[in-house]
Amino acid sequence: MSKKKIKNVFVEGAIPPSKIADSIAHHQVKTNIGAHSIFLGQVRADIINNKKVTAIDYSAYTEMANKIFFEIRESAFEKYDLTCMHIYHSIGKVKAGEICLFVFTSSAHRKQATDACRYIVEEIKEKAPVFGKEMFADDTHVWKENN
């Protein structure tokens, strides 16, 4: 029995659109896949106390967080008939409008891919020890309760 390795899901700063495009392109050769589902989390320029959010500075207990992401990943593979899955989360400063979370699921059929993607995102929001500090133009900040 082979032991699966815990992978680092964290990307320093924003997740570049090229990483997303490359992930999609690399799956074109996998002809047993009939569906992909993608979730992209983007930093919003919310207004809080009359101040506009310009970025979120993400931090995490990376070793613990990577273990939780691994458990979420394995749980999704047990629950859904997936061909593959990729999860990336930003760490560090991500400007408003940039991507901070990328979840990509693939399956032979649409329902499995979409249901798994939703499940993974909800599990991340509930369980992953990732923290966001909302940054404002005047260099003040507010800690977000949920990543």
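Going through (1) crowded, with 17+ Cβ neighbours inside 10 Å; (2) over 18 Å from the mean Cα position of the chain (by Cα) one by one, residue 116 falls short only on (2).
Within the bounds of segment 61-76, is there any residue that is part of a loop (DSSP other than H, G, I, E, B) and at pLDDT 95 or above? Scanning segment 61-76, I find no residue that is part of a loop (DSSP other than H, G, I, E, B) and at pLDDT 95 or above, so the answer is no.
Scanning segment 48-105 for residues that are of a type outside the set (Phe, Trp, Tyr), under 14 Å from residue 7 (Cβ atoms) and out of contact with any helix residue (DSSP H, G or I) (no Cβ under 9 Å at 6 or more places or on another chain) turns up 62, 63, 65, 66, 67, 74, 84.
Only one of 94, 130 is under 12 Å from the mean Cα position of the chain (by Cα) and among the β-branched types (Val, Ile, Thr); which? Write out each step before concluding.
On the way: 94 fails: under 12 Å from the mean Cα position of the chain (by Cα).
Just a single option satisfies the conditions, and that option is 130.
Of the residues screened, residue 135 is one that is at pLDDT below 95 and more than 24 Å from residue 22 (Cβ to Cβ). Restricting attention to segment 34-55, the residues that are in contact with a Ser or Thr (Cβ under 8 Å, 6 or more places away or on another chain), closer than 17 Å to residue 135 by Cβ and touching a residue at least 60 places away in the same chain (Cβ under 8 Å) total 1.
Output the residue which, of all residues in segment 1-54 that are surrounded by 13 or more Cβ atoms within 10 Å (Cβ to Cβ) and among the small types (Gly, Ala, Ser), is farthest from the chain's Cα centre (by Cα). Within segment 1-54, the match that is farthest from the chain's Cα centre (by Cα) is 34. Filter segment 77-98 down to residues that are in a strand (DSSP E or B) and small (Gly, Ala, Ser) and give me whichever is farthest from residue 30 (Cα to Cα). Result: 92.
Quick check on this structure: which one of 82, 101 is under 24 Å from residue 135 (Cα atoms), of a type outside the set (Ser, Thr, Tyr), crowded, with 18+ Cβ neighbours inside 10 Å and touching a strand residue (DSSP E or B) at 6+ places or on another chain (Cβ under 9 Å)? Full working, then the answer.
Working: 82 fails: under 24 Å from residue 135 (Cα atoms).
That would be 101, the only listed residue that is under 24 Å from residue 135 (Cα atoms), of a type outside the set (Ser, Thr, Tyr), crowded, with 18+ Cβ neighbours inside 10 Å and touching a strand residue (DSSP E or B) at 6+ places or on another chain (Cβ under 9 Å).
Considering only residues in segment 60-76 that are surrounded by 16 or more Cβ atoms within 10 Å (Cβ to Cβ), in contact with a Lys or Arg (Cβ under 9 Å, 6 or more places away or on another chain) and in contact (Cβ under 8 Å) with a residue 60 or more places away in the chain, the one that is farthest from residue 25 (Cα to Cα) turns out to be 68.
The values are calculated or read from the model by the stated rules, or taken from the named source; none is laboratory data. Because the structure is predicted, anything quoted here is derived from the model rather than measured. All Cβ positions, glycine included, derive from the backbone under ideal geometry; neighbour counts span all protein chains shown.
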